[in-house]
1. Identify all residues within region 115-146 that are out of contact with any Lys or Arg (no Cβ under 8 Å at 6 or more places or on another chain), closer than 22 Å to Glu26 by Cβ, open to solvent by 10 Å² or more (accessible area, probe 1.4 Å) and not in a loop (DSSP other than H, G, I, E, B); write none if there are none.
2. Would you mind finding the one in Ala215, Ala238 that is more than 14 Å from the chain's Cα centre (by Cα), open to solvent by less than 30 Å² (accessible area, probe 1.4 Å) and hydrophobic (A, V, I, L, M, F, W, C)?
3. How many of the residues in region 74-105 are away from the ligand (no atom under 16 Å from the Cβ) and surrounded by fewer than 24 Cβ atoms within 10 Å (Cβ to Cβ)?
4. Going through Ala70, Ala64 one at a time, which residue ends up being surrounded by fewer than 21 Cβ atoms within 10 Å (Cβ to Cβ) and either under 17 Å from Leu178 (Cα atoms) or of a type in the set (A, V, I, L, M, F, W, C) (or both)?
5. Go through (1) in a helix (DSSP H, G or I); (2) charged (D, E, K, R); (3) more than 16 Å from the ligand (Cβ to nearest atom) one by one and return the number of the condition Asp149 breaks.
6. Mind listing whichever residues of region 40-70 are small (Gly, Ala, Ser), part of a loop (DSSP other than H, G, I, E, B) and in contact with a Gly (Cβ under 9 Å, 6 or more places away or on another chain)?
7. Among residues belonging to region 160-169 that are touching a helix residue (DSSP H, G or I) at 6+ places or on another chain (Cβ under 6 Å) and either of a type in the set (Phe, Trp, Tyr) or farther than 20 Å from Leu48 by Cβ (or both), point out the one that is farthest from the ligand (Cβ to nearest atom).
8. Taking Ala215 as the residue in question, decide whether it is more than 16 Å from the ligand (Cβ to nearest atom) and either part of a strand (DSSP E or B) or hydrophobic (A, V, I, L, M, F, W, C) (or both).
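The values are calculated or read from the model by the stated rules, or taken from the named source; none is laboratory data. As the structure is a prediction and not an experimental result, all values here were calculated from the model. A quick note on method: Cβ atoms are made from the backbone with ideal geometry, for glycine too, and the neighbour counts reach across all protein chains shown. Accessible surface is based on the protein model in full, side chains and every heavy atom, while ligands, DNA and RNA are left aside. Shrake-Rupley method; radii C 1.70, N 1.55, O 1.52, S 1.80 Å.
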Amino acid sequence: MTDDIPESHPRYESLITRHRIEAGVEKGITSRQGLIAQGRGEAFDYLLGERTIPSADAAERAAAAHLLLADHAVLSVNGNVAALVPGELVDLAEATDADLEVNLFNRTDERMRAIVAHLREHGAEAVKGLDADGRIPGLDHERAKVDADGIGAADVVLVPLEDGDRAAALAEMGKTELVVDLNPLSRSARAADVPIVDNLIRAIPGLTAHARNLADADRDTLEGIIREFDAEDALVAAEEAIRSGGDDGESVAADV
Ligand code: PTJ
């Protein structure tokens with residue numbers, strides 16, 4: 001089906017992304033609600049000009065520094081993330097020595113296993129999430145279920161495409177939270193230590209590129225990058241970019 005979309009199409013990437021989400025639903029990985037979430041994200045991405053704005057790039061660099069400094073970093077995977085960037089997440093886990101853990105809002109045993117298998121097909125060795133022997137306090141839905149030696153024990157968690165409740169609960173547990181969300185007004189973005197207002201399909205490879213560039217950096221350098229980053233400023237810059245159709249005065253380049 002992707003073969004039917006010519007690369008010259010002005011919205012090629014967006015159409016490929018839609019196809020991946022659709023295929024994720026067909027494969028039993030992505031929930032049907034994931035289609036709605038994707039549509040919401042697309043609207044923000046369109047207004048951002050479907051590009052990584054400078055403040056998001058700075059956030060990706062700060063997030064990479066956090067992952068490299070972590071004692072135990074975990075990358076949380078849901079149905080949309082698994083459909084859109086499975087191989088890219090495996091690369092990021094390798095570059096930062098982080099664990100991968102499946103954590104679902106609409107949790108079923110079948111979906112959990114399908115996502116674990118999908119990540120393995122994309123090169124993951126160990127994938128956490130099936131034990132579910134830990135709980136995030138203060139949450140009464142399925143996302144509270146975590147592995148005690150995974151998200152339960154992590155000091156830094158990357159939660160791409162999150163729902164606001166868990167973002168707040170993880171912050172409450174004192175974990176450093178890195179969130180990817182195209183909506184700078186979402187509760188998840190606002191609860192994050194590092195909100196990355198960018199599309200997952202650009203943000204995850206961006207994070208990995210920064211992690212690889214910083215692989216030999218010393219602790220002082222990484223701590224300096226983290227100190228320089230201001231979450232509130234990044235959210236304000238993203239909101240301004242959305243309202244003005246481009247953070248640097250450029251008009252939105254996307255075609256309908
Ligand atoms: O797989 P599950 O069962 O864990 O369910 C996952 C979904 C996504 C259905 C669930 O977490 C959900 O309902 O999320 P929300 O509350 O719709 O929030 C999704 C947020 O992600 C919105 O703020 C969107 O703007 C944003 N978003 C959607 N697609 C992308 C995105 N952000 C970055 N990149 C995207 N591709």
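1. Answer for region 115-146, where residues must be out of contact with any Lys or Arg (no Cβ under 8 Å at 6 or more places or on another chain), closer than 22 Å to Glu26 by Cβ, open to solvent by 10 Å² or more (accessible area, probe 1.4 Å) and not in a loop (DSSP other than H, G, I, E, B): Ala117, Arg120, Glu121.
2. Answer to the check: Ala238.
3. Within region 74-105, residues that are away from the ligand (no atom under 16 Å from the Cβ) and surrounded by fewer than 24 Cβ atoms within 10 Å (Cβ to Cβ) number 7.
4. From the options Ala70, Ala64, the qualifying one is Ala70.
5. (1)
6. Across region 40-70, the qualifying residue is only Gly49.
7. Ala168
8. Criteria met by Ala215.
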